[in-house]
Amino acid sequence: MRLLNVLILTVIVSLLTVACEDLSEQPYPAGPDVELAQAPARAQAPGQKETEIQLGDLGAGGTRALAINNRGQVVGHSLAEEGPWWRPFFWGPGEGMTDLGKSLQELHDAPFPLPGQAVDINEAGVAVGWDEVFFAGFTWSEQTGAQRVGFGQTDLPMAINNRGTVVGLGEGPYFVGTEGGGGSEVNAFVCPKGEACHPLIDEEFIALSAHTVNDRGQVGGRGAYYEPLEGLTHTLILKEHHSYIWKQGQGFVVGEDLGDDNRSENDRGDYVAGGSLFTTAPARYGVRPESPSEQVSPSSIEPEIQGEDCSDLVGLARKGQLETLHDCIAVKKGEGEPSTQ
């Protein structure tokens, strides 16, 4: 069942990745988990000149910025010189790019920095995302480093508000299926700051995904009406699917859509697209106004990882073949022996 849920979540990750690939023809805004391939045309006040600030990269020349807060802090993912796949990053004015894959390496005691995505950031500088080895959700800040968030197994956090509430989807307590057979344990979750994560469900409707949460605690996503399967606890047969808005103490408003909180632009009008930040106030970021394009504080690259470290197996995670990868990591950590199959 875990592999089935990983495959389902992997499809979601793949769809998000495809959405990031070629959106140059899409109108702005794009939403918190979508990157624009080119900077969109924007209306500017007379006398204002827009400056592009290149964010840099983690060594392999590719960056996708996904969210920005009012402090000008940016998160997304970038190709690393050493190790595989895209790794999540944090970028701050005057700080340059921080490789969050290394913080995730420490969190999971892994033998290499983990690939993944950082998809949202709040005004306190707390980022959320997931890695693409264990598919474990995380929060990260400069003060705390990386911490786990979600149901605790396979989780994709999608948004965080300024109160620290995190929402997303993951491998939850309810098996949801259809009358025709098949199903999964993919449920939406909400994690109030300092409290345990829990699914969103009432006596007739369950949330299957949660993609946004505002500072009033309203959650938006997709879900379905259901009927319990007689004789089996926590097993539900899904009926009609709908968008929803949910709030603690008020429950669901089915059929309503909260919409995406456009985190690719902040309240100051600064926005991110591709691997750049665009602003009409470059001095805020330590850039001279006369410089039309300037790379700020490129990230430092650690020495290449030496020796066999399982990183060549990371691609198996996207195919749902996690046992080989996790077996390799366990051996490297001295916690197991190679499979003899």
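Where a Cα-Cα gap under 24 Å defines reach, which lysines qualify for Lys247, not counting those fewer than 8 residues away within the same chain? Excluding near neighbours in sequence, the set is Lys193, Lys239.
Taking the accessible area of region 142-197, probe 1.4 Å, and keeping the other protein chains in place, the carbon and sulfur fraction comes to 43%.
Close amide H partners of Thr280, meaning residues 5 or more places away or on another chain with modelled amide H under 5 Å apart, are Thr51.
Rounded to whole numbers, the Karplus 3J(HN,Hα) couplings from phi for region 213-222 are 8, 9, 6, 8, x, 7, 10, x, x, 10 Hz, using 6.51 cos²θ - 1.76 cosθ + 1.60 with θ = phi - 60°, and x at Gly and Pro. Checking every one of the GluC sites (Glu not before Pro) in region 104-190 against DSSP loop status and a limit of 16 other Cβ atoms within 10 Å picks out Glu123, Glu142, Glu179. Shown in residue order for region 65-75 are the 3J(HN,Hα) couplings computed by the Karplus curve 6.51 cos²θ - 1.76 cosθ + 1.60 at θ = phi - 60°: 8, 10, 7, 9, 9, 6, 8, x, 7, 10, 10 Hz (x for Gly and Pro).
State the extension gain, in nm to one decimal, for the chain segment bounded by Ala124 and Asp267, taking 0.36 nm per residue of separation less the distance between their alpha-carbons. Walk me through the numbers before you get to the answer.
Working: separation 143, 0.36 × 143 = 51.48 nm, distance 1.48 nm.
Full extension from Ala124 to Asp267 adds 50.0 nm.
Please say if region 80-169 is rounded, prolate or oblate, where rounded means a/c under 1.5 for a ≥ b ≥ c the square roots of the C-alpha gyration tensor eigenvalues, and otherwise the choice is prolate for a/b larger than b/c and oblate otherwise? Because a/c hits 1.5 or more and a/b fails to exceed b/c, region 80-169 counts as oblate.
Answer rounded, prolate or oblate for region 203-279, using the Cα gyration tensor with square roots of eigenvalues a ≥ b ≥ c: rounded when a/c is under 1.5, else prolate when a/b is larger than b/c, else oblate. Verdict is prolate for region 203-279. Close amide-amide hydrogen proximity is noted between Thr154 and Glu171, each under 5 Å apart and 5 or more residues distant or on a separate chain (H modeled in the peptide plane; Pro and chain starts excluded).
The values are calculated or read from the model by the stated rules, or taken from the named source; none is laboratory data. Since we're looking at a predicted model, the values are computed, not measured. Neighbour counts are summed over all protein chains in view; Cβ atoms, including those assigned to glycine, are modelled from backbone coordinates with ideal geometry. The protein model used for the area step is the full one, side chains on, heavy atoms only, and it has no ligands, DNA or RNA in it. Shrake-Rupley method; radii C 1.70, N 1.55, O 1.52, S 1.80 Å.
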